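Enquirer: Here it is: the structure, laid out below.
The values are calculated or read from the model by the stated rules, or taken from the named source; none is laboratory data. Keep in mind the model is a prediction, meaning the values are calculated, not measured. Here the Cβ positions follow ideal geometry from the backbone for every residue, glycine too, while neighbour counts run over all protein chains shown.
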Amino acid sequence: MRKITIILITLMFALPLSTFAVDEPFGDDPLDVGTKKIFIIEDRRFELGIACLNVNFANNFLSTKQIFQDTIRVNLDDFANGLKVNFGLDLTPIYFNFQTKRGWGFGLSTDVEGVGILGLSGNMLTLNEAEDEISDVSGALFASVTINSNFNIEKFKVRFSPSTFYSLVYIKPEAVTYHLSQSGGTTMWVGYNLQVFTGIPMENFGDEFSLTTKPGFDFSVGVEYPLAKELGISKKIPFLEFDVGLDLINVPLAPSKMYDLLQMNDLHGSKAPVNLNDDDFFDEFISSLGGSGNEPVYTESELKVYRPFKMLIHAKWRPLYGSKMLTVMPVFGFCINDLYTEKFSIEAGLNTTFNLANCFISTLGFNYKDRMHVYSLDFAFNFRAFELDIGADIRSQDIKKAWTGAGFGVRCGFKFGW
């Protein structure tokens, strides 16, 4: 632990000095099996990426087959698990990267990242008793600029990426509250308090445009170490060559600040106990469900926003006697995300990559990330001068629903250089 701490402190000052990297690049050639080297396509020294896009949707309730039927059939027992819906968008309009033969490089990328989250309580959907139970309705839209760098420190391969990000839209969680109690009389109500922070004033939207959000700062860092080689394991057992690594993603330095707030709130039902034997009960209850009809309120309020933080540990095992033709990578870690009422969640997965001459690369993944079960397949077609990346996945918050098409993701990107 002390060694990792020293490394993290060191690399905070290492970016301007990254040219001190060792003479030889980290690791062997991609498909080197022993001393026999076969033909491979070399990695690009300069690379430019355009329109790298990733969009996804998932829910835990309806499969794709059910959605496109003439008559949607729903199992009411599924309501007890609540309703969870996730939307995701990640767009990199343009980025570039420069890599040297000495094992260090740098680049710059621009990104737009959006997420929408809906998590309705199972008790609310089934009208079970609950005391002020919270449901998540939240979302965010970020724009960022990131400097990417990689270099070597002794046997460690290091990646360091500081970012400047702007919060363009942020919807706070805990927007919906449900209450049903029969102690001391029956009380039932659903209240919502939707707080939407925006990077531009919404009250006079269209008349004038001004960006009021202030930028935030964070960084991501990754460290990788050839553990099996340094311990001599791979010499004694050649098929046990592996590296280990640690990734810290979106380590906060300073929050983005937002000031323009659109607030919508209302209460449906009544906090006062009702008498079920009263002749006017039914009319009064139905009337209370209509709410009070509150109008949206535009105001100013400061909000400090951080991007979701992740810490992941991984191993890269190359079972074909160290060849990168086949790499198996287990991953485990956690995420802290302020867009959920319960901020902490576990991340885990297993990914397998097949690399044919650095020309055709495919990756099969089984992961639990961002609170969803994601089963993915990605392909990269690399011809040195240009590369096409495509991928797709099936996903859901429910492990069984993921296999029925309850969610999906698609990715594509184009790179060129030399």
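Enquirer: Keeping to the stretch 362-407, report how many residues are at pLDDT below 95 and at positive phi.
Expert: 2
Enquirer: If you take the residues in the stretch 119-129 that are buried (at least 18 other Cβ atoms within 10 Å of the Cβ) and in contact with a strand residue (DSSP E or B) (Cβ under 6 Å, 6 or more places away or on another chain), which one is nearest to residue 397 (Cα to Cα)?
Expert: Taking the candidates together, the pick is 119.
Enquirer: Would it be correct to say that residue 191 is at pLDDT 95 or above and within 25 Å of residue 301 (Cα to Cα)? Can you show your working first?
Expert: On the way: at pLDDT 95 or above: no; within 25 Å of residue 301 (Cα to Cα): yes.
For residue 191, the condition - at pLDDT 95 or above and within 25 Å of residue 301 (Cα to Cα) - is not met.
Enquirer: Also, quick follow-up: Which count do you get for residues in the stretch 44-65 that are under 10 Å from residue 396 (Cα atoms) and either of a type in the set (S, T, N, Q) or within 16 Å of the chain's Cα centre (by Cα) (or both)?
Expert: 5
Enquirer: Within the stretch 93-117, count every residue that is buried (at least 19 other Cβ atoms within 10 Å of the Cβ) and among the polar types (S, T, N, Q).
Expert: Of the residues in the stretch 93-117, 2 are buried (at least 19 other Cβ atoms within 10 Å of the Cβ) and among the polar types (S, T, N, Q).
Enquirer: Let me ask something else about it. Find all pairs meeting these conditions: Cβ atoms under 7 angstrom apart; at least six residues apart or on different chains; first residue within the stretch 97-121 and over 21 Å from residue 143 (Cβ atoms); second residue assigned to a loop (DSSP other than H, G, I, E, B) and of a type in the set (A, V, I, L, M).
Expert: Partner pairs satisfying both residue conditions: 102/21; 103/21; 103/22; 104/21.
Enquirer: Name every residue in the stretch 230-270 that is aromatic (Phe, Trp, Tyr), surrounded by fewer than 17 Cβ atoms within 10 Å (Cβ to Cβ) and either without any contact (Cβ under 8 Å) to a residue 24 or more places away in the chain or more than 30 Å from residue 294 (Cβ to Cβ) (or both), in order of residue number. Give the steps one after another, and end with the answer.
Expert: We begin by selecting, within the stretch 230-270, every residue aromatic (Phe, Trp, Tyr); these are 239, 242, 259.
If we keep only those that are surrounded by fewer than 17 Cβ atoms within 10 Å (Cβ to Cβ) as well, we get 239, 259.
Result: 239, single match.
Enquirer: With respect to residue 197, determine if the residue is crowded, with 19+ Cβ neighbours inside 10 Å and part of a strand (DSSP E or B). Reasoning before the result, please.
Expert: Details: crowded, with 19+ Cβ neighbours inside 10 Å: yes; part of a strand (DSSP E or B): yes.
Answer is yes for this residue.
Enquirer: Could you tell me which of the residues 370, 338 is within 21 Å of residue 393 (Cα to Cα), in contact (Cβ under 8 Å) with a residue 60 or more places away in the chain and not polar (S, T, N, Q)? Give the derivation first.
Expert: On the way: 338 fails: within 21 Å of residue 393 (Cα to Cα).
Of 370, 338, the one residue that is within 21 Å of residue 393 (Cα to Cα), in contact (Cβ under 8 Å) with a residue 60 or more places away in the chain and not polar (S, T, N, Q) is 370.
Enquirer: Filter the strands (runs of 3 or more DSSP E) completely within the stretch 335-418 down to those with at least 3 residues that are surrounded by 18 or more Cβ atoms within 10 Å (Cβ to Cβ) and charged (D, E, K, R).
Expert: Answer list for the stretch 335-418: 386-396.
Enquirer: What's the total number of residues in the stretch 223-276 that are closer than 27 Å to residue 151 by Cβ, in a strand (DSSP E or B) and out of contact with any Gly (no Cβ under 9 Å at 6 or more places or on another chain)?
Expert: So the count comes out to 4.
Enquirer: Take the stretch 196-245 and flag every residue that is closer than 30 Å to residue 261 by Cβ and either within 22 Å of the chain's Cα centre (by Cα) or modelled with pLDDT of 95 or more (or both).
Expert: Here is the first cut: in the stretch 196-245, the residues closer than 30 Å to residue 261 by Cβ are 196-220.
Correct list: 196, 197, 198, 199, 213, 214, 215, 216, 217, 218, 219, 220.
Enquirer: Given the conditions (1) under 30 Å from residue 162 (Cα atoms); (2) of a type outside the set (A, V, I, L, M); (3) touching an Asp or Glu at 6+ places or on another chain (Cβ under 8 Å), report the number of the one that residue 209 does not fulfil.
Expert: (3)
Enquirer: Residues being part of a strand (DSSP E or B) and over 30 Å from residue 136 (Cα atoms): count how many of those fall in the stretch 321-334.
Expert: Our first condition is that a residue be part of a strand (DSSP E or B); within the stretch 321-334, this holds for 326-334.
Now restrict to residues that are over 30 Å from residue 136 (Cα atoms): 326-330.
Total meeting the criteria: 5.
Enquirer: Between 157, 101, 84, which is part of a strand (DSSP E or B) and more than 25 Å from residue 196 (Cβ to Cβ)?
Expert: Details: 101 fails: part of a strand (DSSP E or B); 84 fails: more than 25 Å from residue 196 (Cβ to Cβ).
Every option except 157 fails the conditions.
Enquirer: Which residue, of 170, 166, 192, 178, is farther than 30 Å from residue 324 by Cβ, touching a Pro at 6+ places or on another chain (Cβ under 7 Å) and not in a loop (DSSP other than H, G, I, E, B)?
Expert: Numbers: 170 fails: touching a Pro at 6+ places or on another chain (Cβ under 7 Å); 192 fails: touching a Pro at 6+ places or on another chain (Cβ under 7 Å); 178 fails: touching a Pro at 6+ places or on another chain (Cβ under 7 Å).
The match here is 166.
Enquirer: Moving on to the next point. Is it the case that the stretch 303-320 has a residue that's over 30 Å from residue 258 (Cα atoms) and not in a strand (DSSP E or B)? Give the derivation first.
Expert: Step one: filter the stretch 303-320 for residues over 30 Å from residue 258 (Cα atoms), giving 313-320.
Now restrict to residues that are not in a strand (DSSP E or B): 319-320.
Yes: the stretch 303-320 contains one or more residues that are over 30 Å from residue 258 (Cα atoms) and not in a strand (DSSP E or B).
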